[in-house]
Amino acid sequence: MKKIELLNPPEVIFRSNWVDRYETKVSRWLIPWDGAEAVDIGLIGVPLSKTSISVSGASMLPNAMRELFKTVTTYNVDADVDLQELLARDMGDLQMHVTDLLRCHQNIEQGMTNVYEALPGIFPILVGGDHSITYPSVKAFKKRFSGKVGIVQFDAHMDVRNLEDGGPSNGTPIRSLLESAIVEGRHIAQLGIHSFANAKPYREYALSKGITQFTARQVAKEGIENLVKQAMEIAGNGTEAIYVTVDMDVLDQAYAPGVPAMAPAGMTSWQLLDGLFLLGQNPKVKGLDVVCVDPVRDQRQSTIRTALYGILTFLAGYSKRESSV
């Protein structure tokens, strides 16, 4: 049995005692890792939201999402895919420090490095937490590859705030990656950027670094499939691997009432799900995180449920990838 340092078992496990012999709930498929299996896909909680600029309880998302495992099945009718064919496990949560935020980021980087060393072939799905977790996560992710990595980001925000006014936060992961030379701007594509949620100097900074941005309005006008294909080309051109990061505030407030920074005129749930299904099919995509849902503010767990559907829909695409190899 393997013990991976800085990775703790899931805090909670939710199962239903009622069973239908012909139906499998996610709770009976995405079970805790036993420390021995050679896992293909690992779900990892990152319960950190003290680095959020907006007041946020997103650190509670991993457990809140686990609570919903017993409410959804493994079958995607649109793709005719049953996720039971994939070997996926709940790996638990990365260990956070109570007061030291920089230590939390160090734990994320080192903890994920430990995961990759113990399970070299694992496909990681990180559940935040706020968006600050993406910087240390991608730092660890980059060490897996000899070549460059690209990023496809769903987000209302550009996440290139300056580091002097607040230090590393949920508004700085992309700038941190650029300034530490982990990722080049020409390998970053951002989808769903909102108006009235960003500043002109940050738009100018992003463009000067070569980042490609597609606004939420562009998604509505030009179609998600077309833009995701462009984003995959940008992130995959000259890189060895692509990391996908999803900030749930990319959605319109009608679809995501539980995000700390909700706003109108965002993407729809279908646009996000269709985009993630396409990304799941791309063999160059080798990591995913989903961040910024506050269970305390969510109404009837609707945003949490959408985040879970996003992960499952991505895996439906991933299953298509696997079956075509």
Ellipticity estimate at 222 nm from DSSP helix runs (n ≥ 4, -39,500 (n - 2.57)) divided over the chain, nearest 500: -10000 deg cm²/dmol
Inter-label distance, nm, simple model (7 Å from Cα along the C-beta direction), PHE145/ARG15: 3.7
Cα centroid separation - region 168-243 against region 47-119, whole Å: 23
Approximate spin-label separation LEU163-LYS2, in nm, with each point projected 7 Å along Cα-to-Cβ: 3.1
In Hz, Karplus ³J(HN,Hα) per residue of region 108-116 (6.51, -1.76, 1.60; θ = phi - 60°; x = Gly, Pro): 5, 4, 6, x, 5, 4, 5, 4, 5
Förster-model FRET efficiency, 22 Å R0, ILE31 and SER302, C-beta, rounded to 0.05: 0.30
Largest-first ordering by accessible area, 1.4 Å probe, given options HIS157, HIS131: HIS157, HIS131
Amide H contacts of LEU126 (H built 1.01 Å from N, under 5 Å, at least 5 apart or other chain): ILE44, LEU288, ASP289, VAL290
DSSP bridge pairs, the chain: antiparallel proportion in percent, nearest 5: 10
DSSP beta bridges in region 1-131 [antiparallel fraction, %, rounded to 5]: 30
Residues ALA197 and TRP270, FRET efficiency given R0 of 22 Å [Cβ-Cβ distance, rounded to 0.05]: 0.55
Å² of accessible area per residue within the chain, as computed with a 1.4 Å probe and no ligands counted: 43
Amide proton proximity set for PHE214, modelled H, under 5 Å, gap of 5+: GLN190, LEU191, GLY192, ILE193
Stretchable slack from ALA38 to GLU222, in nm (0.36 nm times residue separation minus alpha-carbon distance): 62.1 nm
Area of GLU37 that stays accessible when all protein chains are in place (1.4 Å probe, Å², to 10): 50
³J(HN,Hα) computed for each position of region 69-83 - Karplus, 6.51 cos²θ - 1.76 cosθ + 1.60, integer Hz, glycine/proline x: 4, 7, 9, 10, 9, 8, 9, 9, 5, 5, 8, 6, 10, 10, 5
Added length on full extension, which subtracts the Cα-Cα distance from 0.36 nm per residue, VAL77 to ARG321: 86.2 nm
The chain: C-alpha pair distances exceeding 38 Å, %: 7
Residue list for region 303-323, given a label point 7 angstrom along the Cα-to-Cβ vector of ALA254 and an amide N cut-off under 14 Å: none
Positive-pole candidate from LEU30, PHE154, PHE314, dipole of the chain, charges at beta carbon: PHE154
Phi-based couplings in Hz for region 221-230 (Karplus 6.51, -1.76, 1.60; Gly and Pro marked x): 7, 9, x, 5, 4, 4, 6, 5, 4, 5
Accessible surface of the chain, 1.4 Å probe, proportion on carbon and sulfur as whole %: 50
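The values are calculated or read from the model by the stated rules, or taken from the named source; none is laboratory data. As the structure is a prediction and not an experimental result, all values here were calculated from the model. Methodologically, a virtual Cβ is constructed for each residue, glycine included, from the backbone with ideal geometry; neighbour enumeration extends over all protein chains shown. What goes into the accessible areas is simple: the full protein's heavy atoms, side chains included, and nothing from ligands, DNA or RNA. Shrake-Rupley method; radii C 1.70, N 1.55, O 1.52, S 1.80 Å.
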